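Encoded as structure tokens, the structure appears first; notes follow it.
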């Protein structure tokens, strides 16, 4: 496993994924009962954008960079994201830091909630364990999520969210593995909320994946997609998508409003698009 998320921290795709993650957690927390948050590919916890990996790609310049420079943002999920960035930078005394999904989830974690974080890269899991040390109700597993998540759900809290965020190093294999993983975990925990992030290089590839999911007898879901480039070329990452099973009430409508603002800020020349779609097994088209 060679993928290191540090090269892509703070990118437009990261910002999109993290805004939706915050939205899911905020909506689930409207009930006082405990939640368990699972992160399948947790990375390091947070990232220093001034260091070599991020500086080699400079992807944060098309993501968190312009968002932080905005005089104000309007959607509460984006406000929460920016506040989490500011809080992390203040706490660590470093204005170049950006939180990964574990740090964002922990920033919202209530005393009754719990985080279960998985990472397979040996260096990243060591950094993650250092970050998680002395943080209450945070567990770190050096474990393959494709084996670990089916073994750990349903959690004792009964309610919760699984963020599935694989590296897509070998995309043909990843898509097939994800189909089997989703089928297994939804069968074991039918009331859980499952959020699968996926890259958009060519829309036709994503559409084939969605069609396959619909044909495998799984429940309906929502897809939230944001692209800042046309989605008809596989040469680079053009867009970011999230497939959500069992989304909380109002999530889809709020996600559409959040994406509208995010797209207007991150694609000022109007390239790409954004959309939220509802899918049901009986309607594969």
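Any residue in the range 146-167 that's without any contact (Cβ under 8 Å) to a residue 40 or more places away in the chain: show its pairings with residues that are buried (at least 20 other Cβ atoms within 10 Å of the Cβ) and in a loop (DSSP other than H, G, I, E, B) at Cβ separation under 8 Å, as long as the two are six or more apart or on different chains.
154/189; 154/192
Got a sec? Which of 203, 183, 215 is in contact (Cβ under 8 Å) with a residue 12 or more places away in the chain, out of contact with any helix residue (DSSP H, G or I) (no Cβ under 7 Å at 6 or more places or on another chain) and within 23 Å of residue 11 (Cβ to Cβ)? Working first, answer last.
Working: 183 fails: within 23 Å of residue 11 (Cβ to Cβ); 215 fails: within 23 Å of residue 11 (Cβ to Cβ).
On inspection, the qualifying residue turns out to be 203.
For residues that are within 25 Å of residue 79 (Cβ to Cβ) and assigned to a loop (DSSP other than H, G, I, E, B), scanning just the range 215-268, find the one that is modelled with the lowest pLDDT.
268
Of everything in the range 1-35, what is out of contact with any helix residue (DSSP H, G or I) (no Cβ under 9 Å at 6 or more places or on another chain) and buried (at least 21 other Cβ atoms within 10 Å of the Cβ)? Give them in sequence order.
Matches in the range 1-35: none.
Can you pull out the residues in the range 199-208 that are crowded, with 19+ Cβ neighbours inside 10 Å and outside any strand (DSSP E or B)?
Of everything in the range 199-208, those that are crowded, with 19+ Cβ neighbours inside 10 Å and outside any strand (DSSP E or B) turn out to be 201, 206.
Say we look at the range 88-110 and pick out the residues that are under 17 Å from the mean Cα position of the chain (by Cα) and in a strand (DSSP E or B); which of these is surrounded by the most Cβ atoms within 10 Å (Cβ to Cβ)? Spell out the reasoning first.
Of all residues in the range 88-110, those under 17 Å from the mean Cα position of the chain (by Cα) come to 98-109.
Now narrow it down to the ones that are in a strand (DSSP E or B): 98-99.
Values: 98: 27, 99: 24.
Filtering first and then ranking leaves 98.
Quick check: anything in the range 29-36 within 20 Å of residue 128 (Cβ to Cβ), part of a strand (DSSP E or B) and touching a residue at least 40 places away in the same chain (Cβ under 8 Å)?
Yes; the residues of the range 29-36 include at least one that is within 20 Å of residue 128 (Cβ to Cβ), part of a strand (DSSP E or B) and touching a residue at least 40 places away in the same chain (Cβ under 8 Å).
With in contact with a helix residue (DSSP H, G or I) (Cβ under 7 Å, 6 or more places away or on another chain) and free of Cβ contacts under 8 Å to residues at least 24 places away in the same chain as the only criterion, which of 39, 80, 87 stands out?
Working: 39 fails: free of Cβ contacts under 8 Å to residues at least 24 places away in the same chain; 80 fails: free of Cβ contacts under 8 Å to residues at least 24 places away in the same chain.
Just one listed residue meets the conditions, 87.
Hey, residue 13 hits all of (1) touching a strand residue (DSSP E or B) at 6+ places or on another chain (Cβ under 7 Å); (2) part of a helix (DSSP H, G or I); (3) over 21 Å from residue 196 (Cβ atoms) but one; which does it fall short on?
Among (1) touching a strand residue (DSSP E or B) at 6+ places or on another chain (Cβ under 7 Å); (2) part of a helix (DSSP H, G or I); (3) over 21 Å from residue 196 (Cβ atoms), residue 13 violates only (3).
The values are calculated or read from the model by the stated rules, or taken from the named source; none is laboratory data. Predicted model only: the values in this text are computed from it and were never measured. All Cβ positions, even for glycine, are placed from backbone atoms using ideal geometry, and neighbour counts span all protein chains on display.
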